[in-house]
Amino acid sequence: MGIWSCLGTTLDEVRDSLYAGRSGIVYSPERKEAGFRSALCADIPRPDLKPFIPRGPRQFMPEEAGYAYMATRQALENARLDTDYIASHEIGLIYGNDSVAEATMRALDKFREYHDTAACGSGAIFQSMNSTVTMNLACLFRLRGINLTASAACASGSHAIGLSFLLIQNGLQDCIVCGGAQEANMYSVAAFDGIQSFFLREDAPAKACRPFDRDRDGLVPGGGAATLVVESYEHAVKRGAPILAEIISWGFSGNGNHISTPDIDGPARSLELCLQHGGIRPEEIGYINAHATSTRIGDAREAQAIARFFGSLQTPVTSTKSQTGHEMWMAGASEIIYSTLMMKNGFIAGSLNFERPDEDTACINVLPDRRETHFDMFLSNSFGFGGTNSTLIIKNL
């Protein structure tokens, strides 16, 4: 695994932030001055790529590709996949990404300013394509297997992992680098702010993201990148890889109705299919990492979907978005890493700012505080605009 997050830029830093309940959310004067209704956002450091990548290839990389590069460097190193092994084996790549707002905007601004398409720059086309992350990572790390971008709104990172799992399970690839990335600049989320999706009370940034809480009233945007190396058990054992966990099952569904308002049946179907595909009973799940973004309707509908299968079991539920904000295209991958870090270290990070449920969210067992506990299997939900749903079940090894 590898991570570049507002909670840290190494796995150890992120683990410690989860354990301490540290929020990565800040107030941005730049956004307020620019005209945002809500100036809250996650604080993600920009990596310095100069020590690792020559100037030529850097011109093809927008912001999120830089995050993804740093996360992938970590993941490959932690997985003991070196350049010699990659050169002699077919390693695939599936990464979640669903926007390249800033790079596209800047290139077109130059075109309009100078009335000359050449002003866009030679790297503009590669920066502005939705597949920019996979095209850059594949070339930089010399990955010669499947090369695919998963664009599925806020379920993109989860779908990337699920697709990797499916290809490996069916013998079409032995090893796939997968994950999700999200640009963190203000231009990427200006339209979200414009439709009043964000939490507006700015006086206490760390208390803004309130998944499942009665006073939740909007999400906080985040970003970064998360990378996982997924491979068949036989392939991992043969090359002596350090094995962290096993993907047990993937479930997915579509709501098939409103483009932005979620329902209950679609997410519930994703949960049900994930349990069915893995032959897993609800009582075997020790923890649920909820999609819960801190929106009134979204959290309510997810709570009711979870309650269909887990309500009577009092299975612990939290949303790590309470610390990170909504990492959007990255979230489905980063939350697998956050949950795995908790599973490997014997704790569940509390859902920050969960003080009181409402009548819609009281049906599930949301943990407000960190719990020291052992669990060997967790479930992670990721849902997105357009009614796209993805659920993964991961087992400790």
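Quick rundown of the values:
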| read-out | value |
| --- | --- |
| Dipole in debye (nearest 20) - the chain, about Cα centre, beta carbon charges: Lys, Arg +1; Asp, Glu -1 | 400 |
| Listed residues L172, I247, S319: farthest to the positive end of the dipole of the chain (Cβ charges) | L172 |
| Fewest-first ranking of M377, M330, using other Cβ atoms within 10 Å as the exposure measure | M377, M330 |
| Under 5 Å, built H, 5+ apart or other chain: amide partners of L49 | none |
| Among beta bridges that DSSP assigns inside the range 2-238, antiparallel share in %, nearest 5 | 60 |
| Test item: Cα-centred dipole of the range 2-238, Lys/Arg +1 and Asp/Glu -1 on Cβ, debye | 120 |
| Size-normalised alpha-carbon gyration radius of the chain, reference 2.2 N^0.38 Å | 0.93 |
| Reciprocal of mean inverse Cα separation for the range 1-132 (Kirkwood radius, Å) | 17.4 |
| Footprinting exposure proxy for W250, W4 (fewest neighbouring C-beta atoms within 10 Å first) | W250, W4 |
| Antiparallel bridges, percent of DSSP beta bridges restricted to the chain (to nearest 5) | 65 |
| For the range 211-225, Karplus couplings with θ = phi - 60° (6.51, -1.76, 1.60), whole Hz, Gly/Pro x | x, 6, 6, 4, 9, 5, 7, x, 8, 10, x, x, x, x, 7 |
| Protection-proxy order for peptides 383-390, 318-325, 19-26, 46-53, each taking the mean of Cβ atoms within 10 Å per residue, highest first | 318-325, 383-390, 19-26, 46-53 |
| Members of K32/K344; K238/K344; K32/K110; K50/K344; K50/K238; K50/K207 lying beyond 30 Å, as alpha-carbon distances in this model show | K32/K344; K50/K344; K50/K238; K50/K207 |
| CD proxy at 222 nm, helix term only [per DSSP H run n ≥ 4: -39500 (n - 2.57); per residue of the chain; nearest 500] | -10500 deg cm²/dmol |
| Relative contact order of the chain, pairs being alpha-carbon contacts under 8 Å that are 6 or more residues apart, as % | 23 |
| Within-13-Å neighbourhood charge of A107 [Cβ basis; K, R +1; D, E -1] | -1 |
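Laboratory data are not the source of any read-out in this text; all were calculated from the coordinates shown. Source: prediction; values computed, not measured. A quick note on method: Cβ atoms are made from the backbone with ideal geometry, for glycine too, and the neighbour counts reach across all protein chains shown.
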